[in-house]
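Novice: Structure in structure tokens, see below.
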Amino acid sequence: METSTIITLAVIALLLIYFIGLYNALVNIKHNVAKSLANIDVLLKQRHDELPKLIATCKQYMQYEQDTLQGVIEARSQVARAQDSHDMKALGRAEGALRSGLGQLFALAENYPELKADESFQHLQSRISELENSIADRREVYNEAVNINNVRIEQFPDIIVARMLNFQAFDLLEFDASELKDVDVKALFQ
């Protein structure tokens with residue numbers, strides 16, 4: 001065998017090994033995004049299961065707050081639909097509406113001393129608050145995984161492998177800008 005043939009085969013072998021390494025790295029990153037989303041799904045399901053208990057407890061005391069209760073129920077349904085369709089933009093909007101509704105519900109509970117004193121309500125409020133904090137933490141992990149994926153599939157030489165094998169960008173899970181605003185608690189009591 002000639003030296004040029006050996007060199008050519010060595011270069012081809014190195015390029016193949018490099019290509020396989022890039023492919024495996026992109027697959028790993030893609031699966032990290034899926035794993036991060038699955039972790040959020042677990043928490044959303046847990047919260048989804050707790051909300052009917054909270055609504056039932058609140059209904060016993062809050063006869064005049066049916067609009068708020070109905071808003072939380074509708075937002076819960078929107079979250080479930082967005083989750084089922086894996087639509088991150090719709091999920092972000094629905095999560096914003098649900099968080100806003102829960103904030104209003106907890107603020108309005110201040111007007112009902114019997115509700116605030118109810119052990120079941122206190123437990124559910126605490127549980128849902130814990131889940132909200134966990135969702136926020138997992139959302140951060142998910143968005144970081146999405147960012148790593150989206151940057152890698154746009155970088156050279158990864159873009160070549162990503163386009164050849166149809167690796168896709170993912171949407172960040174973003175909540176409405178209204179979530180960043182301070183809640184006007186005084187307006188909720190008027």
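Novice: Quick check on the range 163-172. Is at least one of its residues in a helix (DSSP H, G or I) and surrounded by 13 or more Cβ atoms within 10 Å (Cβ to Cβ)?
Specialist: no
Novice: Being touching a residue at least 12 places away in the same chain (Cβ under 8 Å) and in contact with a Phe, Trp or Tyr (Cβ under 9 Å, 6 or more places away or on another chain) is the filter here, so list the residues in the range 120-141 that pass it.
Specialist: Within the range 120-141, Phe121, Gln125, Ile128, Arg139 meet the criteria.
Novice: List pairs: first in the range 93-119 and without any contact (Cβ under 8 Å) to a residue 40 or more places away in the chain and under 17 Å from Ala56 (Cα atoms), second of a type in the set (S, T, N, Q) and outside any loop (DSSP other than H, G, I, E, B), Cβ under 7 Å, 6+ apart or cross-chain?
Specialist: Sorted first by the residue in the range 93-119, then by its partner, the pairs are Gly101/Thr68; Phe106/Gln125.
Novice: Looking only at residues that are small (Gly, Ala, Ser) and within 16 Å of Arg47 (Cβ to Cβ) in the range 95-134, which one is surrounded by the fewest Cβ atoms within 10 Å (Cβ to Cβ)?
Specialist: Only one residue tops the list, namely Ser126.
Novice: Would you check if Gln104 is on the phi < 0 side of the Ramachandran plot and out of contact with any helix residue (DSSP H, G or I) (no Cβ under 6 Å at 6 or more places or on another chain)?
Specialist: no
Novice: Still on this structure: Can you confirm whether Ala38 is at pLDDT 85 or above, surrounded by fewer than 14 Cβ atoms within 10 Å (Cβ to Cβ) and closer than 30 Å to Ile153 by Cα?
Specialist: yes
Novice: Can you pull out every residue in the range 153-162 that is of a type outside the set (Asp, Glu) and surrounded by fewer than 19 Cβ atoms within 10 Å (Cβ to Cβ)?
Specialist: Residues satisfying the conditions are Gln155, Phe156, Pro157, Ile159, Ile160.
Novice: Between a first residue in the range 35-59 that is closer than 27 Å to Asp118 by Cα and a second residue that is exposed (fewer than 15 other Cβ atoms within 10 Å of the Cβ), which pairs have beta carbons less than 6 Å apart while being 6 or more apart in sequence or on different chains?
Specialist: Thr57/Ser120
Novice: What are the residues in the range 79-92 that are more than 11 Å from the chain's Cα centre (by Cα) and not hydrophobic (A, V, I, L, M, F, W, C), if any?
Specialist: Residues satisfying the conditions are Arg81, Asp84, Ser85.
Novice: Exactly one condition in (1) farther than 30 Å from Glu154 by Cβ; (2) touching a Phe, Trp or Tyr at 6+ places or on another chain (Cβ under 6 Å) is false for Thr68; which is it?
Specialist: (2)
Novice: Where in the range 1-110 are there helices (runs of 4 or more DSSP H), lying fully within it, with 2 or more residues that are out of contact with any strand residue (DSSP E or B) (no Cβ under 8 Å at 6 or more places or on another chain) and farther than 26 Å from Phe175 by Cβ?
Specialist: Where helices (runs of 4 or more DSSP H) fall fully within the range 1-110 and carry at least 2 residues being out of contact with any strand residue (DSSP E or B) (no Cβ under 8 Å at 6 or more places or on another chain) and farther than 26 Å from Phe175 by Cβ, they are 3-61.
Novice: Same structure, new question: From the residues in the range 1-33 that are surrounded by 14 or more Cβ atoms within 10 Å (Cβ to Cβ) and within 29 Å of Leu131 (Cβ to Cβ), which one is nearest to the chain's Cα centre (by Cα)?
Specialist: For the range 1-33, the residue satisfying everything is Val33.
Novice: Name the single residue, out of those in the range 53-90 being within 25 Å of His123 (Cβ to Cβ) and of a type in the set (Ser, Thr, Tyr), that is modelled with the highest pLDDT.
Specialist: Top of the filtered list is Ser77.
The values are calculated or read from the model by the stated rules, or taken from the named source; none is laboratory data. Note that this is a predicted model, so its numbers are computed, not measured. Every residue, glycine among them, receives a Cβ derived from its backbone with ideal geometry; neighbour counts consider all protein chains shown.
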